[in-house]
Amino acid sequence: MSLDVSPQLLADAEKGEVREEEFVETVRTSLPYAYELIASLVGELRAGAAPFADNRTPPSEKERGQLLRALSSDAIRGSLERHFGVALAFQNCHRVAVFPPEARGGETYVRFTSLRSQILNQSPEFRDC
C-alpha cells in the first residue's frame, strides 16, 4: 500500500469529502522520506538564488520506494505541489527537483524534463532502480 489511511479519512472519502490538508498529512506520515526530501528541497529553493533545487543522492531501496509511490501518483504529487507551492520534476528513481510553479514550461524546467536530460542522467548504478 502507498498510504496508511486512517479510518476517519477513509470514511470521509466514502462520503465524498476529503480535505487536502488531511490527505497531505497522511502522505507525510506514510511516506516520510519522500515528504521530508521535498520539504528540504523547497527550503533550499527558497533560500537560494538557483532556478531549482534537486537531489542527486541515491536513497535506500525503502526510500526509493517512497519516492516512486509519491511521484507516480497524480493525486499525491499534485497535493504536494499545491501544499508546498512548487512544481515537481523527477528523473530516474531518485532525482527529484523543485521549481517555482511559474517555471513550468520555462527553459530550465523544459531542459530538466527533456529526453536529452533523461538520457544524460543515466548511470549503470541506476539500471534497476
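The values are calculated or read from the model by the stated rules, or taken from the named source; none is laboratory data. What you are looking at is a predicted structure, and each value in this text was computed from that prediction instead of being measured. Reconstructed Cβ throughout: ideal geometry from the backbone, glycine too, with neighbour counts over all protein chains shown. Note: areas computed on protein heavy atoms with side chains; ligands, DNA, RNA excluded. Shrake-Rupley method; radii C 1.70, N 1.55, O 1.52, S 1.80 Å.
Just to be sure before I move on: is Gly43 open to solvent by less than 70 Å² (accessible area, probe 1.4 Å) and modelled with pLDDT of 95 or more in the structure I sent? Yes. None of Pro7, Pro32, Pro100, Pro51 is surrounded by fewer than 17 Cβ atoms within 10 Å (Cβ to Cβ), under 12 Å from the mean Cα position of the chain (by Cα) and not small (Gly, Ala, Ser) except Pro32. Please determine whether any residue of the stretch 78-97 is basic (Lys, Arg), modelled with pLDDT of 95 or more and open to solvent by 40 Å² or more (accessible area, probe 1.4 Å). Yes, the stretch 78-97 contains at least one residue that is basic (Lys, Arg), modelled with pLDDT of 95 or more and open to solvent by 40 Å² or more (accessible area, probe 1.4 Å). Residues that are without any contact (Cβ under 8 Å) to a residue 12 or more places away in the chain, on the phi > 0 side of the Ramachandran plot and out of contact with any Asp or Glu (no Cβ under 6 Å at 6 or more places or on another chain): does the stretch 13-28 have at least one? Yes: the stretch 13-28 contains one or more residues that are without any contact (Cβ under 8 Å) to a residue 12 or more places away in the chain, on the phi > 0 side of the Ramachandran plot and out of contact with any Asp or Glu (no Cβ under 6 Å at 6 or more places or on another chain).
What number of residues within the stretch 10-29 are outside any loop (DSSP other than H, G, I, E, B) and surrounded by 14 or more Cβ atoms within 10 Å (Cβ to Cβ)? Selection size over the stretch 10-29: 8.
Within the stretch 54-73, the residues that satisfy the criterion of being of a type in the set (Ser, Thr, Tyr) and over 14 Å from the mean Cα position of the chain (by Cα) are Thr57, Ser60.
Take the residues in the stretch 56-77 that are of a type in the set (S, T, N, Q) and open to solvent by 60 Å² or more (accessible area, probe 1.4 Å); name whichever of them is nearest to Phe23 (Cα to Cα). Looking at residues that are of a type in the set (S, T, N, Q) and open to solvent by 60 Å² or more (accessible area, probe 1.4 Å), I get Ser72.
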